[in-house]
Every structure is written in C-alpha cells, then in structure tokens.
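A short write-up of the structure that comes next.
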C-alpha cells in the first residue's frame, strides 16, 4: 500500500497507563463532528467479542479486564469507540445472548467494579462505550422464566412469555409451524409441575432462549429499568439485538413460508418479524436517551440489528424519534461484484440518509464469515486483497462504520474446526456446518509464534475456549504493527484521514464515470475513491499517485482488487 502524508491533527487525550505488549504512535482524538452534529453520525466503532478478545486471568476466556488491558491498542488504531458483545450473567448456551440477569456481569467476564473501571478508562482515552442489549428473549434460567414454569398455564407469570397449548391429540404438536433461526421448531414443550406434558413456549433461536412477550407491560417496564441501570453507570449507548423482532402476531397463526422444514432457519416469517408495534418501543427508548442527554449534554446512541428486506424498510427504524442508527447488512451480505455494491450503497444513501440519520456500514461481525475468506472465491491471494479494498471503500462512504475485532489483522475465517470442538448452537440444532459462527470467533492472536499468541497470560494452563490455528502467527498484532504494508496500517491511515480531511463531514456521494469493472465516486471538494472489481488493471480516475491505497498503486493505474483514495483539484 502507499503510505499517505497526513496533515497534523490536534493533540490526543492524555495517556493513561494500560499494559500493552505492542507499541505504535498514539492515535488522533475522536472525530469531531460539525457544529450541532452528534458524535455517532460519522463514528467508527470497534466491535469487541469479549470472550475472544483478551484473557486476563488464564482461564482461556476473554474478559472485561482483558478489554481494559487492550484499550491503548484500540486508541492507537484510531477508532472512536467500542461495542461490547454481551457480558451479562448467562449459562452461555449462546455465549451470552441468553441472559439470566441483565444488570449483572457474569463472573467469567468479571464484575461490576471491573465494568466501572472500564467505563472510566474509556472516558480517559476519549473512547465511547456501547453495550449490547437483548430485548427479544432471555435465558431459560432467568427468574421470570423459572417462575413461569412453576406457576402453570394461565398464570400472570406465563403471560410475560409466549406460552400456548399444542395442537393435535393431547396437544402433542407445536402451536404453529414456525421455525427457529438456529434450526428446528420454534416451540418446545414443558413438563408441568404434576409431571404431565403441558404447554409449549416460543423461542425464535434456541430452547434456552424463550421469547419475551412485549405485549405485556411488565416487559417494557423491565427494559426501561435495564437501560437506566447501564446509563447510570456511564455507557454511551446500546447495540440492540434482534431489533426487528420483539412483537409477534397476537394470534400466532401458521407462517406462510412454504420452504420451512426441519433444517430451515426461518428468517422470512412475516408474522414473527418486523411487526409495526415495535416502533413504539424504539420511540420510548429514544426518549430515555434524550432524557439523559438533556441532563449532561452527552449524546447517547441506539444502534439496532434490524434485519429487514430493503433499505426503505430499514429507514423506518431510524426515523428522527426512533433508533439513531441501524446496521446496514446489505453490504455485509454483498458478493464481490461491482453492480451489487453500487446498488446496495445507492439504496442506503437514498433511503436511510433521507430520514436524517446516517448509514451504519459493516463488512464483518461475530455472525458472519470474515471478508478475507468470504471474498476469496477459493483464491487465498484474492481474499486479502479484496477484503482490504472493500474496507477502504466502506471507510470512504458517508456515515458510521463498525469494525469487527481482528479484521484490522487481516484474519481469515477458520473453517476446519473439528465437529467435537464446535460450540455454536446452530451446528448442534441442525447438524450442519452451514452458517456456523465459531470460525470468526477464534480468540485473537496478539504476539508470539505459537498459541495462545498472547491471548492468555504467560503461564496460563487453560487452553483458549476455541483453538487458534498455527497460521495465526502471521496475523498477530505484534507482527502487523511492525509491517507498514499490513491491514492494521491501512485501517489506521484511513481512520486518520477520516478525521483530518474536511471532505469526510456530511459530504454526499457523487458517482463518477469509470472504466468497466471500476466503481468510483467523489465527495466534497476533490475527494475521489475508486475500487477495481475487475480481474485486470484499469485506468485510475485520477492520474496522480493516490493518497492511500489498499495495495501497490502506481500513478494513473488501478490494479485489480485494489481501492484507492485521491485528493484531486483540477
């Protein structure tokens, strides 16, 4: 890649003492939005899958103390904030997305005192802190669900969930044909207190994750309490799991999905997703955030996992009085194809920006195959080149971006985990490796040439909860920081330019005419980004050497699988 000459930026926030075995120059301070603009509009947030980030105590599982230990690394990378995947009390059937206590830290991750220390250190470093919240379902070990099982049919306790009598002789069949996202039926039957087979309860994911009934007022009241608990502890916002869920058709009729079968993960059931009532919840949550902002002037963020069919439908979730942002997954699912990228980008910019929000771009997360592998098409050379080019494209677009831990290291997906080591409930529900998520959740490699690569402290006897492959030695933070041509330096350089160039404000995208296979656009006064999706070199849209490129890029030429940025003033 071409190392840019960066304009001088303002001094960063004061350094704090954080253990970090790698060194790099300090990052610039968090991006400063324009007058009257909230921080989240153009922020770059780093997703931390806590379990796999850094193990501080040697038990093979990442924890909050490990996150705090590595905050200096994230600050040097140059992100604006951190999103933490769930760290709450949980039996870990879905690694924390099955929550038994929404207001306590699971001992495997630490405690509230450690969380408070993390909040304080993020504040000192100028990093925003966003935490996951899971309102669609809870754990089967949650006190509410245990009370519902004990109370029996027709009880107020069961009304907080979706309990129903079965169909067929003796109620032996599920109440309807709905399928679970993780495979199999979306219903499980309970054994009543007298030992008889009884009612069924709904779970759109696993039996250990019963869905809450948001038509019951106690559910909304409880989550109001949960939000305020974490806001009072100083968080800057919430990432909302299953934001298009929550409400189900009140009569629970059969799904019209004709393809539902025992192995189907039903994500197209219109009776279980995207019900109109859900928007009232986000208006109420937005009001809570605005209440806290009015007290101290600090903007709070609600960013939703709103998986809906079209950008136009997603735009409804980010209207001015609802969520601030929603992840734009259409780019996450896009193949390496120019027409597809342009179509989804144009749709997002047209529909979502029209609401007054900004698009929240994402290429990787804890549920998807990493881009290095996803874009490879079986070619181990093309994968990294295309992933780097896609990252530079994403970071050139107006709006916010979320980076998933390890993508700045160029980590590939781990695809050869033995069946006996797979922990993903999708695999155990379907007995299929299609769509399993363990491969992108392997613990990060930090240093050294052998597992655990600095993930666990020296002398730890417990192995990482998922095994790290030997080839992770080529991707350690220690190694990529020393290589100025690495993914890490590409990300850091791009993030610095996002802060320092005036074109990275709210400037809109203007598509440019370009050769076949090349996607090019301009923003503001003279900023140009181009990506070559083709198989061979193409003329660059600007004759000069680029300011930043994802690979070697001579003046006037844009090689295949390469993205570049220019400042062009005719």
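Before we move on, is residue 235 buried (at least 18 other Cβ atoms within 10 Å of the Cβ), at pLDDT 95 or above and touching a strand residue (DSSP E or B) at 6+ places or on another chain (Cβ under 9 Å)? When the stated conditions are applied, residue 235 passes them. Each residue in segment 504-529 was checked for being touching a residue at least 40 places away in the same chain (Cβ under 8 Å) and outside any strand (DSSP E or B), and 8 pass. In the set (1) more than 23 Å from residue 402 (Cβ to Cβ); (2) in contact with a helix residue (DSSP H, G or I) (Cβ under 9 Å, 6 or more places away or on another chain); (3) touching a residue at least 24 places away in the same chain (Cβ under 8 Å), residue 125 fails one condition alone, (1).
Within segment 322-343, the only residue that satisfies the criterion of being assigned to a helix (DSSP H, G or I), closer than 16 Å to residue 364 by Cα and modelled with pLDDT of 95 or more is 341.
Total residues in segment 458-500 satisfying the condition of being in contact (Cβ under 8 Å) with a residue 60 or more places away in the chain, outside any helix (DSSP H, G or I) and touching a helix residue (DSSP H, G or I) at 6+ places or on another chain (Cβ under 7 Å): the figure is 3.
Residues in segment 385-406 that are surrounded by 24 or more Cβ atoms within 10 Å (Cβ to Cβ) and assigned to a loop (DSSP other than H, G, I, E, B): 405, 406.
Rundown of residues vs (1) modelled with pLDDT under 95; (2) outside the structural domain of residue 349 (by TED's automatic domain parsing), yes/no style:
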position	(1), (2)
453	no, no
479	no, no
487	no, no
491	no, no
494	no, no
511	no, yes
519	no, yes
524	yes, yes
532	no, yes
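Given the options 346, 389, 385, 354, name the one that is closer than 21 Å to residue 506 by Cα and modelled with pLDDT of 90 or more. Steps first, answer last, please.
On the way: 389 fails: closer than 21 Å to residue 506 by Cα; 385 fails: closer than 21 Å to residue 506 by Cα; 354 fails: modelled with pLDDT of 90 or more.
One residue alone meets the criteria, 346.
Report yes if residue 564 is buried (at least 21 other Cβ atoms within 10 Å of the Cβ), modelled with pLDDT of 95 or more and part of a strand (DSSP E or B), otherwise no. Even if it seems obvious, please write down each step before you answer.
Numbers: buried (at least 21 other Cβ atoms within 10 Å of the Cβ): yes; modelled with pLDDT of 95 or more: yes; part of a strand (DSSP E or B): yes.
In short, yes.
Within segment 305-344, the set of residues being touching a helix residue (DSSP H, G or I) at 6+ places or on another chain (Cβ under 7 Å) and within 30 Å of residue 516 (Cα to Cα) comprises 311, 312, 328, 330, 331, 334, 336, 344.
The residues in segment 50-60 that are at negative phi and surrounded by fewer than 24 Cβ atoms within 10 Å (Cβ to Cβ) can be counted, and the count is 3. Would you check if there is a residue in segment 468-487 being surrounded by 15 or more Cβ atoms within 10 Å (Cβ to Cβ), in contact with a strand residue (DSSP E or B) (Cβ under 8 Å, 6 or more places away or on another chain) and closer than 18 Å to residue 395 by Cα? No - not one qualifying residue is present in segment 468-487.
Take the conditions (1) over 19 Å from residue 91 (Cβ atoms); (2) under 25 Å from the mean Cα position of the chain (by Cα); (3) not assigned by TED's automatic domain parsing to the domain that holds residue 86; residue 234 misses just one of them, which is (3). Check segment 539-551 and report whether any residue there is out of contact with any strand residue (DSSP E or B) (no Cβ under 6 Å at 6 or more places or on another chain) and buried (at least 22 other Cβ atoms within 10 Å of the Cβ). No, segment 539-551 has no match at all. So which of 70, 75 ends up being crowded, with 24+ Cβ neighbours inside 10 Å, within 26 Å of residue 478 (Cβ to Cβ), touching a helix residue (DSSP H, G or I) at 6+ places or on another chain (Cβ under 8 Å) and in the same structural domain as residue 488 (by TED's automatic domain parsing)? Within the list 70, 75, the selection yields 75. Taking segment 191-205 as the range and being within 38 Å of the chain's Cα centre (by Cα) and surrounded by fewer than 18 Cβ atoms within 10 Å (Cβ to Cβ) as the test, only 191 passes.
Screening the candidates 214, 187, 200 for the property of being out of contact with any strand residue (DSSP E or B) (no Cβ under 8 Å at 6 or more places or on another chain) and closer than 17 Å to residue 250 by Cβ yields one hit, 214.
The values are calculated or read from the model by the stated rules, or taken from the named source; none is laboratory data. These numbers were taken from a predicted model, which means no experiment stands behind them. Neighbour counts run over all protein chains shown; Cβ positions are idealised from the backbone, glycine included.
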